[in-house]
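See structure below.
The values are calculated or read from the model by the stated rules, or taken from the named source; none is laboratory data. Model, not experiment: these values are computed from the prediction. Here Cβ is always computed from backbone atoms with ideal geometry, including for glycine, and neighbour counts include all displayed protein chains. Side chains included, ligands, DNA and RNA excluded: accessible areas come from the protein's heavy atoms. Shrake-Rupley method; radii C 1.70, N 1.55, O 1.52, S 1.80 Å.
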Amino acid sequence: MKDNMRVMTFGCSFTKYHWPTWADIVLKQAELEGFETDNWGMPGTGNLFIAIQIQHAIANGLLKAGDHAFIAWSTMSREDRLVDGRWLTPGNIFNQNLYPQSWVEKYADMEFYALRDCALINSTRTALDGLGIKQTQFSMAQQEPYRSSHPATKKIMDKVNEITDIYK
């Protein structure tokens, strides 16, 4: 192994699924070059889960200076939650069957998700830079699946776009 250097991937089902993903290709190439590898992707997860997994890998010494983290950020409209030691990852909060519709209508807020995820992505980037961890970050989903011709939806998405523009 190349001085115990590691290549790790993080993301949702685009990163780890029942069939090969981009991460499998990246990790196979890294293995062929003599790197240790690990895929921390999990289907249905959002950016909160992804950021927590990265911090967990750092805190446990599994991801450190000189390593390379490949991060595929997911869509913002995801609700990740750890309950009784198990991650609840229903995917898109607006198209799932775990949370009751009344909860979604009351608590699912795209402006909050944009603020949360932009802050998580920015702080993750800053942490990795500060620790000397190489990083490749990208998003697997450019468009949020929360669209409607309703004027209120346009106003919400304009606010989301304003938030994401600040963090670009």
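Couple of notes before you dig in:
- Pairs linking a residue in the stretch 96-110 that is in contact (Cβ under 8 Å) with a residue 40 or more places away in the chain to a residue that is open to solvent by 40 Å² or more (accessible area, probe 1.4 Å), with Cβ atoms under 8 Å and 6 or more positions apart or on different chains, are M110/Y146; M110/I156; M110/K159.
- Boolean, A69 is at negative phi and over 13 Å from the mean Cα position of the chain (by Cα): no
- Some residue of the stretch 33-54 being without any contact (Cβ under 8 Å) to a residue 24 or more places away in the chain, in contact with an Asp or Glu (Cβ under 7 Å, 6 or more places away or on another chain) and among the hydrophobic types (A, V, I, L, M, F, W, C): no
- Residues that are basic (K, R), open to solvent by 10 Å² or more (accessible area, probe 1.4 Å), at pLDDT 95 or above and closer than 30 Å to N161 by Cβ occur at least once in the stretch 6-28.
- Single condition A30 does not satisfy, out of (1) of a type in the set (G, A, S); (2) in a loop (DSSP other than H, G, I, E, B); (3) over 10 Å from the mean Cα position of the chain (by Cα): (2)
- When K16 is tested against (1) closer than 15 Å to M140 by Cα; (2) among the charged types (D, E, K, R); (3) in contact (Cβ under 8 Å) with a residue 60 or more places away in the chain, just one condition goes unmet, and that condition is (3).
- Taking the stretch 49-168 as the region of interest, the helices (runs of 4 or more DSSP H) fully inside it that hold 1 or more residues being touching a Gly at 6+ places or on another chain (Cβ under 9 Å) and either over 18 Å from N39 (Cβ atoms) or open to solvent by 90 Å² or more (accessible area, probe 1.4 Å) (or both) are 110-131.
- When I156 is tested against (1) at pLDDT below 85; (2) aliphatic (A, V, I, L, M); (3) within 30 Å of G66 (Cβ to Cβ), exactly one condition is not met: (3).
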